[in-house]
Amino acid sequence: MFKRFFMVLVTLIIAVGAILLAAKHPTGPNTISYDEPLGLWLSIGIVVILFLPPLILSLFNNLVVRVISAVYQGFVVIAFLGIIPIGFLFSNNIGVSVIGILGTLVCIGSIVVTLKNSSNKTVEV
């Protein structure tokens, strides 16, 4: 249970790191930046709120809840995969691609840990 919670928490930290790194190198007037702290805090708050369901679901050990959590985390993987090409398109944002790759790998690992059946129940015949 705590492995699942820790993996989702690490994914959340990587997502917040991606936001902070993207704010360091804004690409235009309508992106987040350190010049507008309200927009930056709003973006971080939205990401934290979006990570609350998998964090809460990681505390339960029911198979249905774990599958729902894995599907939800699958959407997070898709979001991290969308971040990867952004760093390659803009010259000074290669760190964003590295964060996207790291986030994708950690989130896929979190899905594997979530779906892994770790019950130690023995069946008596």
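Once you keep just the Cα pairs under 8 angstrom separated by 6 or more residues, what percentage relative contact order results for the chain?
31
P(r) of the range 18-59 in 5 Å steps, Cα pairs, percent per bin?
5, 24, 25, 17, 11, 9, 6, 2, 0
From largest accessible area down, sort 5, 75, 90, 60; use a 1.4 Å probe on the protein chains.
75, 60, 90, 5
In square angstrom, what is the accessible area per residue of the chain with a 1.4 angstrom probe?
In whole numbers, the chain has 64 Å² accessible per residue.
Return the calculated 222 nm mean residue ellipticity for the chain, to the nearest 500 deg cm²/dmol, obtained by summing -39500 (n - 2.57) across DSSP H runs with n ≥ 4 and dividing by the residue count.
Result for the chain, helices only: -26000 deg cm²/dmol.
Of the listed peptides 26-34, 101-109, 43-51, what is their order by residue-averaged count of other C-beta atoms within 10 Å, with the highest listed first?
Sorting 26-34, 101-109, 43-51 by mean packing, highest first, produces 101-109, 43-51, 26-34.
What is the percent carbon and sulfur in the accessible area of the chain, measuring with a 1.4 Å probe over the protein chains and ignoring ligands?
Solvent-exposed carbon and sulfur of the chain make up 76 percent of the total.
The values are calculated or read from the model by the stated rules, or taken from the named source; none is laboratory data. Please read these numbers as outputs of a predicted model, since none were measured by experiment. Cβ atoms come from the backbone with ideal geometry, glycine included; neighbour counts cover every protein chain shown. Quick note on the areas: whole protein, heavy atoms, side chains included, nothing else; ligands and nucleic acids left out. Shrake-Rupley method; radii C 1.70, N 1.55, O 1.52, S 1.80 Å.
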